[in-house]
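The values are calculated or read from the model by the stated rules, or taken from the named source; none is laboratory data. None of the values given here were measured: they were computed from a predicted structure. Reconstructed Cβ throughout: ideal geometry from the backbone, glycine too, with neighbour counts over all protein chains shown. All accessible areas refer to the heavy atoms of the entire protein, side chains included, with ligands and DNA or RNA removed. Shrake-Rupley method; radii C 1.70, N 1.55, O 1.52, S 1.80 Å.
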Amino acid sequence: MKRLILPALLSLLPSVAATTADSGSEDALPAGVQAVLEHRNIPPESLSIYVEDLGTGEPILQWHPDQARTPASVMKLLTTLAALDTLGPTYTWRTELYFLGELRGGTLHGDLLLKGYGDPYLVTERLWRLQRELRAAGVRRIDGDLRLDDSWFDVGDYDPAAFDREPLRAYNVAPNALMSNYKAVSYTFRPRGDGTGVDISPEPPLANLQIVNRLSLVPGACRGYQRGIAISANDAVDRVTFSGRFPAGCKRYRMDRTALDHNAYTYGLFRSLWEESGGELTGSYGSAQAPADTEPDLVFESMPLADVVSKINKHSNNVMARQLLFTLGAEAFGPPGTEASGRAAIRGWLAEHGMDFAELKLENGAGLSRDAKLTARHMGLLLRYGFENRSMPEFLSSLPLSGRDGTLSRRFRSAGLAGVGHLKTGSLDHVSSIGGYLLGRSGARYSVAVLINHEDVHRGTGDEVQEALLRWLRER
């Protein structure tokens with residue numbers, strides 16, 4: 001009922017909101033925003049807003065703009081803009097292949113070594129294309145091992161359970177210089193036609209991953225947390241067990257989780273794809289260093305940075321954003337790239353452009369941290385720089401389009417907001433944020449930064465505050 005009442009209430013308020021904001025007071029909120037705060041019992045002091053007219057450079061709405069708050073995934077705007085500006089939109093990552101043996105008659109008599117440089121998007125189809133280039137070079141059979149060099153990054157001790165005690169969640173994957181497919185497996189669950197149980201199909205299939213199916217099929221509608229599925233793994237995460245009671249009303253259910261360690265995963269995926277296309281690999285795998293002062297036999301280039309940044313921002317990909325931070329560290333200070341050197345690279349870039357954000361706590365560069373901090377004013381300054389920057393077209397187009405794609409495909413479809421905002425959202429428990437650009441009905445373009453830190457604001461009430469502000473701004 002509350003959800004039905006609120007839009008009707010807001011529709012009565014735009015003229016009042018405009019009068020309030022136009023007064024120039026820094027302690028007045030648009031009436032529509034005030035209505036949501038009161039209706040949802042959100043303390044006004046938990047909210048920060050900074051809105052600027054990009055045509056005039058004047059701030060038109062400020063509310064606690066200098067209060068440092070947790071921004072969640074809006075922090076990705078900083079990481080991706082710094083990368084576009086320092087590396088350039090056409091920057092690419094290399095994956096090098098070395099033949100550690102003699103190639104005769106289609107057989108590599110020796111090991112094949114892969115060296116990674118942090119490609120954030122070496123997913124299944126890209127690895128398949130890498131193998132196509134390997135076959136085009138004449139290799140059909142590898143009579144040896146797959147050797148993997150991930151020394152370009154140094155992740156140190158990493159606990160995937162540290163953030164939320166969910167070590168198998170795909171967003172908790174550690175960076176790796178030779179990461180493939182985000183180290184994730186998509187499991188599809190389907191009831192068997194004869195009602196005897198549940199089939200589990202992994203994608204991609206990995207030869208070195210064991211799946212233990214202890215699921216039972218029970219009558220019932222398709223609902224419940226994870227549809228009744230419990231998942232556990234051994235320490236090596238090479239044996240994954242599914243148990244629980246799966247409702248027969250679910251015709252199909254999908255769950256994404258991580259598996260194996262990075263090198264074991266890359267080996268399993270490489271081997272599965274290689275053998276699927278008729279290739280042979282006689283050995284196993286292991287870590288190795290690429291030979292010094294030796295040119296690689298093949299170099300596989302990644303997608304350009306502009307395309308990678310679009311995937312990061314449109315879909316809020318935490319793993320790719322972390323890869324990007326480590327890349328910035330390696331490029332700025334030399335290998336190995338680390339989280340600390342990535343943070344230092346971004347701080348140096350900010351200082352170079354007069355953006356000394358004293359309160360900034362960047363953490364992992366993805367916003368997946370409760371310790372990360374930023375103010376709405378400084379997010380607004382960053383957005384202005386992004387709008388005036390040489391990489392503005394790539395940066396702007398990387399953001400989800402309101403009501404159209406990415407994380408906003410189902411948001412802001414009404415009230416004249418669809419297709420007029422390029423906006424990045426952020427959400428953690430008790431955090432709701434948004435940052436980006438909005439085109440007003442008048443033709444003016446605005447930068448918008450909204451940060452809310454309050455209990456349960458991530459459960460939809462923060463979204464209502466954001467929509468009320470954007471509706472007022474659109475009609476201003």
What number goes with the only condition from (1) without any contact (Cβ under 8 Å) to a residue 60 or more places away in the chain; (2) open to solvent by 40 Å² or more (accessible area, probe 1.4 Å); (3) in contact with a Gly (Cβ under 8 Å, 6 or more places away or on another chain) that L100 does not pass?
(1)
Do we have any residue at all in the range 281-288 that's among the hydrophobic types (A, V, I, L, M, F, W, C), under 30 Å from the mean Cα position of the chain (by Cα) and within 19 Å of A184 (Cα to Cα)?
no
Considering every residue within the range 88-103, establish whether at least one is in contact with a helix residue (DSSP H, G or I) (Cβ under 7 Å, 6 or more places away or on another chain) and of a type in the set (A, V, I, L, M).
yes
With a cut-off of at least 1 residues that are within 22 Å of the chain's Cα centre (by Cα) and within 23 Å of Q67 (Cα to Cα), name the helices (runs of 4 or more DSSP H) lying wholly within the range 321-427.
339-352, 376-388
Within the range 242-252, of all residues that are open to solvent by less than 20 Å² (accessible area, probe 1.4 Å) and assigned to a strand (DSSP E or B), the one farthest from D143 (Cα to Cα) is P247
Note on the range 372-385: residues free of Cβ contacts under 8 Å to residues at least 40 places away in the same chain and surrounded by fewer than 21 Cβ atoms within 10 Å (Cβ to Cβ) are L381
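In the range 126-162, how many residues are closer than 17 Å to A290 by Cα and open to solvent by less than 30 Å² (accessible area, probe 1.4 Å)?
Number of matching residues: 5.
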Show the residue pairs meeting these rules: Cβ distance below 6 Å; 6+ apart or different chains; first residue within the range 31-46 and closer than 16 Å to E475 by Cβ; second residue polar (S, T, N, Q).
A31/T20
Evaluate the range 123-134: report whether one residue or more is free of Cβ contacts under 8 Å to residues at least 40 places away in the same chain and under 25 Å from the mean Cα position of the chain (by Cα).
yes
Every residue in the range 212-229 that is open to solvent by 50 Å² or more (accessible area, probe 1.4 Å) and part of a strand (DSSP E or B), please.
N213, R214
Give the number of residues within the range 103-125 that are of a type in the set (D, E, K, R), closer than 25 Å to A264 by Cα and surrounded by fewer than 17 Cβ atoms within 10 Å (Cβ to Cβ).
1
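A quick yes/no check of all residues on (1) without any contact (Cβ under 8 Å) to a residue 40 or more places away in the chain; (2) surrounded by fewer than 17 Cβ atoms within 10 Å (Cβ to Cβ):
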residue	(1), (2)
A207	no, yes
Q210	yes, yes
S232	yes, yes
A236	yes, yes
T258	no, no
S287	no, yes
Residues of the range 265-285 being of a type in the set (F, W, Y) and either part of a helix (DSSP H, G or I) or surrounded by fewer than 15 Cβ atoms within 10 Å (Cβ to Cβ) (or both), which ones?
Y265, Y267, F270, W274
Is it fair to say G334 is at pLDDT 95 or above and loosely packed, with under 14 Cβ neighbours inside 10 Å?
yes
Residues being modelled with pLDDT of 95 or more, part of a helix (DSSP H, G or I) and of a type in the set (S, T, N, Q) - total across the range 7-55
2
Name, by its number, the condition in (1) in a helix (DSSP H, G or I); (2) farther than 11 Å from N208 by Cα that does not hold for M255.
(1)
Of all residues in the range 337-359 being more than 25 Å from G380 (Cβ to Cβ) and in contact with a helix residue (DSSP H, G or I) (Cβ under 6 Å, 6 or more places away or on another chain), which is most open to solvent (accessible area, probe 1.4 Å)?
T338
For the list (1) within 17 Å of P175 (Cα to Cα); (2) without any contact (Cβ under 8 Å) to a residue 60 or more places away in the chain, I need the number of the one condition that E388 fails.
(1)
Scanning the range 305-317 residue by residue, those buried (at least 17 other Cβ atoms within 10 Å of the Cβ) and of a type outside the set (A, V, I, L, M) turn out to be S310, K311, N313, K314, S316, N317
